[in-house]
1. Using the Cα centre of the chain as origin and beta-carbon charges of +1 (Lys, Arg) and -1 (Asp, Glu), tell me which of 91, 23, 178 is placed farthest towards the positive end of the dipole.
2. At 0.36 nm per residue, and after removing the present C-alpha to C-alpha distance, how many nm does the segment from residue 75 to residue 103 gain when stretched out fully?
3. Stretch residue 144-residue 200 to full length: gain in nm at 0.36 nm per residue minus the Cα-Cα span?
4. Multiply the residue separation of residue 90 and residue 19 by 0.36 nm, subtract the distance between their alpha-carbon atoms, and state the gained length in nm to one decimal.
5. Taking Cα centroids, how far is region 175-214 from region 44-93 in Å?
6. Among 27, 266, 86, determine the one that fluctuates most according to a GNM of the chain built with springs between C-alpha atoms less than 10 Å apart.
7. First compute the accessible area of the chain with a 1.4 Å probe, then give the percent of it belonging to carbon and sulfur atoms.
8. Would you mind calculating the relative contact order of the chain from Cα pairs under 8 angstrom and at least 6 residues apart, reporting the percent as a whole number?
Amino acid sequence: MKEAVVSTQSTGETELKKEEERLGITITLSYEDEPLGTAGPIALAREILLEEPDKPFFVLNSDVVCHYPFQKMLDFHEKHGREGTICVTKVEEPSRYGVVVYAEDGQIDRFVEKPSSFVSNKINAGLYLFNASILERIEMKPTSIEKKIFPAMCKEGELFAMELQGFWMDVGQPKDFIIGATLYLDHCAKHRPDLLSKNESCLGNVLVHETATIGRNCQIGPDVVIGPNCVIEDGVCLQRATIMKGSKVGSHTWISNSIVGWKCNIGRWVRMEGVSVLGEDVTIKDELYVNGGRILPHKEIGASVPNPAIIM
């Protein structure tokens, strides 16, 4: 892989430049003036995607975490020789999702939206591989690839399904993000244990960026991610939590089942739990309790949030 195109409505050039250098690839931002759905952004990136029209390209939903089987997808795609490949994954409760019905060789017959009776237990995993010819199907306007483009491809026999192996999670909701982080850390423990922290304060699967600092007498883990330039002071307890870049957690604070956004400042003796989520640059004063609080960016919290609430 040599180039990635990120479809977005926000800026982020500085962070992406760092990722370019780390990964050794080119990352191009494709700006949407209005939300273009799940197909429109592909048309928006048309010129870039047609630079090498004979090569297929991947399309990845950004709210999915899994082990990405790029080479297997390429091999499967070349084998069936049609226009598109999508990955599908098995779920326990297919009635919650739209399911994919396909033949033994992978050729997709149809999609069924939230079936009331069992039709299939395979759902769209949000990983695609397309030939450049798909661009002829997509107009530069808000369009759903799942509802408009895929059904047309199915009718023509141009869409195939490959079953995804290993873990998968849609992390678009906070509780699912926490589960997704746990699944990823478990994957690391099995396949890349070198990525996990060996710090004496860490228990179970914990990922700590090399620039983060952890104080004395802490208990970090299980299932914790600590990002770059974070400061974890003495006596802190973290469980099933993600602490994002540049945040500080004050001494003797206890955080469980929560997500702390970028550049937050959490005081001393704070207790956070119940899938609490802090946006960027949130300050939590000392000795407060936050239970299920969803706190928007740039807020200062000076009183406890004992019950789930959105703080605007």
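The values are calculated or read from the model by the stated rules, or taken from the named source; none is laboratory data. Predicted, not measured: the structure shown is a model, and the values here were computed from it. Because the Cβ atoms are built from the backbone with ideal geometry, glycine has one as well, and the counts that use them run over all protein chains shown. Quick note on the areas: whole protein, heavy atoms, side chains included, nothing else; ligands and nucleic acids left out. Shrake-Rupley method; radii C 1.70, N 1.55, O 1.52, S 1.80 Å.
1. Looking along the dipole axis, the top candidate is 178.
2. Computed gain between residue 75 and residue 103 is 8.3 nm.
3. 15.3 nm
4. 22.4 nm
5. 28 Å
6. 27
7. The computed percentage sits at 50.
8. Worked out over the chain, it gives 10 percent.
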